[in-house]
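The values are calculated or read from the model by the stated rules, or taken from the named source; none is laboratory data. Everything quoted here is computed from the prediction, not taken from an experiment. So basically every Cβ, Gly included, is an ideal-geometry build from the backbone, and we count neighbours across all protein chains shown.
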Amino acid sequence: MGGFFGAAGKRDVLADVFFGTDYHSHLGTKSAGIAAYDRQCGLRRKIHNIGNAPFRTKFEDILDQMSGTAAIGCINDSDPQPLLVLSKLGRYALCFVGILNNAEELIERYVVSEGGSISCQNGGSVNSTELLAALINHSYSFADGIRHVWEVIDGTASILILKDDGKIIAARDKKGRLPVHLGKNENGYCVSFESFAYRKLGYNDTYELGPGEIVEITAEGYELLKPAEKEMKICSFLWSYYGYPTSDYEGVNVETMRYRNGEIMAENDRQSDTLPDTDCVAGVPDSGTPHAIGYSNASHLPFARPFIKYTPTWPRSFMPSNQKERNRVAKMKLVPVEDLIRGKKLMFIDDSIVRGTQMRETVEFLYENGAKEVHVRSACPPIMYGCKYLNFSRGTDDAELITHTVIAELEGEEGLKHLEEYSDPKTERGKKMRQAICEKLHLTSLEFQTLEGLIKAIGLEPCKLCTYCWNGKE
């Protein structure tokens, strides 16, 4: 995934952009950068790899090295950015959040065929941000260039551009899959993926861009360059998993949505007579906790924390470069509260179950520490499709999804023709898939939130939500 933050002010805004970008650290773990505009020095930027160290430790000296009345910052799971670009549109810094699925086709069509060139990394891959710049530079204005990007890419791109006159251009992706917010304070204006980031810095809510909307931001205000599209398909996973609890998207707070979601899941279990008699309800991982609180409140089963994550030295379990080490670190981080585990029947609410690898490690850890039963509820429906719209850190190939793994074991390729049935807990196929996952992960029972329940918890019209990973539809 990734996130960005930018600001334009009457005075130096670099401290705001430093902290604002840092507040997006939950969205990316690979690289980060800041670009700033200063009247004397023009555009400058810093980029660092943050794979094994948090953003703040890598950029803690930047306030002594740079300054500017306008700046943008980005954290992501993909290529280094922002990039500094020189073109017929002038000098500018560019960063984006999203994914370009048809990069090779675009390079051939818009770069190579026109006698141009683009730098390659080891293995022949291309920096997606550099390709994005090449597409933008085909037009004679930034707004037209961004429109061109949205017309030709297969994927998603929300874009920030810092121009060499200190103005910032912000564009929310064409379908509005990702949020883009504007804030205001006495010094100027800011733009942010996460709304809480600017509120914490003293900015007030000003405007949330619509799908495909483009604005130009200065210290004095913002100007509309392109109006919003009518159709929106914002990612539902924002609320169920990767959005920060204190943020709002389309007016819906993440934490309160998760409480509602847990309450609905408990009511589903009660109505289907699958509500287990457990000693406590707990959340796993951290983002599962508010779902668990909601489930506990509605089910009247006590909430507890049978284990605590030790995070001071390993704040992110996915920092190691390979899956085996990531799983090992995830397990090492769990410190048991034996009085709450030994001989107990436990219910855990997970934000989602993708491959099932970490869930299996967690369940083994609980049984090793004396758990009697381990029940699991997933806070979202069964994931049947890997995301193709976002550069999502938890995205994966369809074949690696635990749902596809067990379906293939149950009836081979034929089963993939019946994914809708397997998703439904009331069908025979649905019951068999859940039982097979239980056996594979050593669970006492397993159930998933329904798609209807998730949409109800979010509270937006279904037509405005992307639910592709669950039902194969936008």
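Mind listing just one residue for me: the one in the stretch 187-211 that is out of contact with any Gly (no Cβ under 7 Å at 6 or more places or on another chain) and in contact (Cβ under 8 Å) with a residue 60 or more places away in the chain and, of those, nearest to Gly2 (Cα to Cα)?
Filtering the stretch 187-211 for residues that are out of contact with any Gly (no Cβ under 7 Å at 6 or more places or on another chain) and in contact (Cβ under 8 Å) with a residue 60 or more places away in the chain, the one nearest to Gly2 (Cα to Cα) comes out as Phe196.
Please specify each residue of the stretch 46-79 satisfying the condition of being under 20 Å from Ser128 (Cβ atoms) and among the β-branched types (Val, Ile, Thr).
Within the stretch 46-79, Ile47, Ile50, Ile72, Ile75 meet the criteria.
Can you give me the number of residues within the stretch 257-273 that are closer than 13 Å to Ile458 by Cα and among the charged types (D, E, K, R)?
Matching residues across the stretch 257-273 total 3.
Quick one: is Glu414 of a type in the set (Asp, Glu), surrounded by fewer than 18 Cβ atoms within 10 Å (Cβ to Cβ), outside any loop (DSSP other than H, G, I, E, B) and touching a residue at least 60 places away in the same chain (Cβ under 8 Å)?
Considered against the rule, which asks whether it is of a type in the set (Asp, Glu), surrounded by fewer than 18 Cβ atoms within 10 Å (Cβ to Cβ), outside any loop (DSSP other than H, G, I, E, B) and touching a residue at least 60 places away in the same chain (Cβ under 8 Å), Glu414 comes out as no.
Are any of the residues in the stretch 357-368 surrounded by fewer than 22 Cβ atoms within 10 Å (Cβ to Cβ), modelled with pLDDT under 95 and assigned to a loop (DSSP other than H, G, I, E, B)?
No, that holds for no residue.
I need every pair where a residue in the stretch 455-472 that is acidic (Asp, Glu) has its Cβ under 6 Å from the Cβ of a residue that is assigned to a loop (DSSP other than H, G, I, E, B), sequence separation at least 6 or different chains.
none
Go through the stretch 394-420 residue by residue and tally those that are farther than 28 Å from Met1 by Cα and either in contact with an Asp or Glu (Cβ under 8 Å, 6 or more places away or on another chain) or polar (S, T, N, Q) (or both).
So the answer is 0.
Which one of these does Gly155 not meet: (1) surrounded by 22 or more Cβ atoms within 10 Å (Cβ to Cβ); (2) closer than 30 Å to Leu451 by Cα?
(1)
Out of everything in the stretch 213-226 that is in contact with a Gly (Cβ under 8 Å, 6 or more places away or on another chain) and part of a loop (DSSP other than H, G, I, E, B), what residue ends up being surrounded by the fewest Cβ atoms within 10 Å (Cβ to Cβ)? Let's see the steps before the verdict.
Quick first cut of the stretch 213-226, residues in contact with a Gly (Cβ under 8 Å, 6 or more places away or on another chain) only: 217-220, 226.
If we keep only those that are part of a loop (DSSP other than H, G, I, E, B) too, we end up with 218-220.
Details: Thr218: 18, Ala219: 17, Glu220: 11.
Of everything passing the filter in the stretch 213-226, Glu220 is surrounded by the fewest Cβ atoms within 10 Å (Cβ to Cβ).
Conditions first: (1) assigned to a helix (DSSP H, G or I); (2) touching a helix residue (DSSP H, G or I) at 6+ places or on another chain (Cβ under 8 Å). Ile383 passes all but one, so which condition is the exception?
(1)
Can you confirm whether Ala103 is small (Gly, Ala, Ser) and in contact with a helix residue (DSSP H, G or I) (Cβ under 9 Å, 6 or more places away or on another chain)?
So Ala103 fits the description; yes.
Among the numbered conditions (1) surrounded by fewer than 21 Cβ atoms within 10 Å (Cβ to Cβ); (2) touching a helix residue (DSSP H, G or I) at 6+ places or on another chain (Cβ under 6 Å), tell me where Ser247 comes up short.
Failed condition: (1).
Within the stretch 296-310, identify whether any single residue is modelled with pLDDT of 95 or more, closer than 16 Å to Pro381 by Cα and not assigned by TED's automatic domain parsing to the domain that holds Ser195, and answer yes or no.
The answer is no, given that none of the residues of the stretch 296-310 is modelled with pLDDT of 95 or more, closer than 16 Å to Pro381 by Cα and not assigned by TED's automatic domain parsing to the domain that holds Ser195.
Leu238 fails exactly one of the following numbered conditions: (1) surrounded by 17 or more Cβ atoms within 10 Å (Cβ to Cβ); (2) of a type in the set (A, V, I, L, M); (3) assigned to a strand (DSSP E or B). What is the number of that condition?
(3)
Looking at the stretch 299-309, which of the residues that are outside any loop (DSSP other than H, G, I, E, B) and within 28 Å of the chain's Cα centre (by Cα) is surrounded by the most Cβ atoms within 10 Å (Cβ to Cβ)? Steps first, answer last, please.
Here is the first cut: in the stretch 299-309, the ones outside any loop (DSSP other than H, G, I, E, B) are 299, 303, 307-309.
Then keep just the ones that are within 28 Å of the chain's Cα centre (by Cα); that gives 303, 307-309.
On the way: Phe303: 19, Phe307: 22, Ile308: 11, Lys309: 15.
Step by step, filter the stretch 299-309, then rank; the result is Phe307.
What is the one condition in (1) assigned to a helix (DSSP H, G or I); (2) in the same structural domain as Lys184 (by TED's automatic domain parsing) that Gly210 does not satisfy?
All conditions pass for Gly210, except number (1).
Which is surrounded by fewer than 19 Cβ atoms within 10 Å (Cβ to Cβ), more than 25 Å from Gly42 (Cβ to Cβ), in contact with a helix residue (DSSP H, G or I) (Cβ under 8 Å, 6 or more places away or on another chain) and assigned by TED's automatic domain parsing to the domain that holds Ile168, of Val111, Val126? Don't jump to the end; show me each part of the working.
Values: Val126 fails: surrounded by fewer than 19 Cβ atoms within 10 Å (Cβ to Cβ).
Being surrounded by fewer than 19 Cβ atoms within 10 Å (Cβ to Cβ), more than 25 Å from Gly42 (Cβ to Cβ), in contact with a helix residue (DSSP H, G or I) (Cβ under 8 Å, 6 or more places away or on another chain) and assigned by TED's automatic domain parsing to the domain that holds Ile168 holds for just one of Val111, Val126, which is Val111.
Could you identify the single residue in Gly395, Gly386, Gly472 that is surrounded by 19 or more Cβ atoms within 10 Å (Cβ to Cβ), modelled with pLDDT under 95 and among the small types (Gly, Ala, Ser)? Write out each step before concluding.
Details: Gly386 fails: surrounded by 19 or more Cβ atoms within 10 Å (Cβ to Cβ); Gly472 fails: surrounded by 19 or more Cβ atoms within 10 Å (Cβ to Cβ).
Selected residue: Gly395, the only one of Gly395, Gly386, Gly472 that is surrounded by 19 or more Cβ atoms within 10 Å (Cβ to Cβ), modelled with pLDDT under 95 and among the small types (Gly, Ala, Ser).
Based on what the data block shows, is Met257 in contact (Cβ under 8 Å) with a residue 40 or more places away in the chain, surrounded by 17 or more Cβ atoms within 10 Å (Cβ to Cβ) and either of a type in the set (Lys, Arg) or not in a helix (DSSP H, G or I) (or both)?
Values: in contact (Cβ under 8 Å) with a residue 40 or more places away in the chain: yes; surrounded by 17 or more Cβ atoms within 10 Å (Cβ to Cβ): yes; either of a type in the set (Lys, Arg) or not in a helix (DSSP H, G or I) (or both): no.
No; evaluated as a whole, the condition is false for this residue.
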